[in-house]
Amino acid sequence: MSFNGLQIGKRDSQLWIEIDRAEKANAMTVAMMEAMTSAIVDGAADGRTQAIVLTAKGEKLFCAGVDVRERSPDGDAARQRERRSHALAALQDSVMTTPVPVVVALNGLAVGAGAMLALMADGCVAVEGAALSLPEIDIGISTFSGANILMVLGGRALAADLVQTGRRLSVADALDRGLISAVVARPALEHAATTIAETLGSKNRAAFADNKHWINRGLRSALKEAREEHARHRGKLQAAGK
């Protein structure tokens, strides 16, 4: 199934969701994030789906994050920012809470929200030479969610480093830090992602879901706190007319 920048389809017992918007660096629109969330939720509800794989078309970029240049049909910029925040939060929540494994096949650079999805997944296999980046500071944007995700998964020092410098973290370094599952040559990426998804998907579904819920409790709490701070921060900026 094709949907405005997405390719969604079943491969045996796995649901594959591919971002396909190369002309916009695979940046996610509100509609794309909503469609991805629906696909994840619906896929998990289908008892025949054992795992979900997120990846992207192309060899350079997995995802450049959310499309901050997307304009609202009604021209209301503040409302569009709110829609964007809600759509991203729902997508992140679906990855964290869906009872089936979610695996990311990282085909290239993952930026901003794209990097967050890769880090939050139950498994992430990356192609050699790929990288993760939270460069929001370089365009004058705070990243409360990105900071908290890194704080939980990688510790304060790494969070401060990546968030405050905006530098890229190589997947080799991410693997050494236990942030991703594997790094493979490009021709092996699809097979490696399929194998990890098969391995995780073969486990007892109820036990996997219970473990996942417990493992992600710190991440859920950290994201809730980050979103509340983001809302307060956005309110202050709006009040100041920025």
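Every number here is computed from the coordinates shown, using simple stated rules; none is lab data. None of these values were measured; they are calculated from a predicted model. Every residue, glycine as well, gets a Cβ built from its backbone with ideal geometry; the counts of neighbours run over all protein chains shown.
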| task | Treating cross-link reach as a plain straight distance, find the aspartates and glutamates whose alpha-carbon is under 13 Å from the alpha-carbon of K212, omitting any fewer than eight places away in the same chain. | result | D93, D122
| remark: Tilt, helix 189-201 to longest principal axis of the chain (alpha-carbon atoms), in degrees rounded to tens, equals 80 degrees
| message | Can you list residues from other chains, or at least 5 along the same chain, whose modelled amide H is less than 5 Å from the amide H of V68? | response | none
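Can you compute the helix-only [θ] at 222 nm over the chain? Use -39500 (n - 2.57) per DSSP H run of at least 4 residues, normalise by all residues, nearest 500 deg cm²/dmol.
After summing the helix terms and dividing by residue count, I get -15500 deg cm²/dmol.
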| request: Treating the angle as unsigned and between 0 and 90°, give the value, to the nearest 10°, between the Cα long axis of helix 77-97 and the longest Cα principal axis of the chain. | output: 30 degrees
| task | State the three equivalent ellipsoid semi-axes of the range 87-141, derived from the C-alpha gyration tensor as the square roots of 5 times its eigenvalues, in descending order and whole Å. | result | 20, 17, 6
| said: If you average the C-alpha positions of the range 21-53 and of the range 171-242 separately, how far apart do those two centres end up, in angstrom? | reply: 15 Å
| said: Could you compute Rg(Cα) / (2.2 N^0.38 Å) for the range 14-141, with N its residue count? | reply: 1.03
| remark: Once the in-chain neighbours fewer than 8 apart are removed, the lysines whose Cα is under 27 Å from K60 read K10, K24
| field | Per-selection metrics, the range 90-181 (Cα): Rg and Dmax in Å | value | 12.3, 37
| task | Take every DSSP beta bridge with both residues inside the range 2-239 and express the antiparallel ones as a percent of the total, to the nearest 5. | result | 35 percent
| What percent does the relative contact order of the chain come to when contacts are Cα pairs within less than 8 Å and at least six residues apart? | 18 percent
| field | Using alpha-carbon coordinates, inclination of helix 156-165 to the longest axis of the chain, degrees | value | 60 degrees
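Sort the following peptides by mean Cβ neighbour count (other Cβ atoms within 10 Å, averaged over residues), highest first: 80-92, 197-209.
80-92, 197-209
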| remark: Reviewing [x] 12.5; [y] 21.9; [z] 13.3, the figure for mean projected area of the Cα convex hull in nm² actually calculated from this model sits under [x]
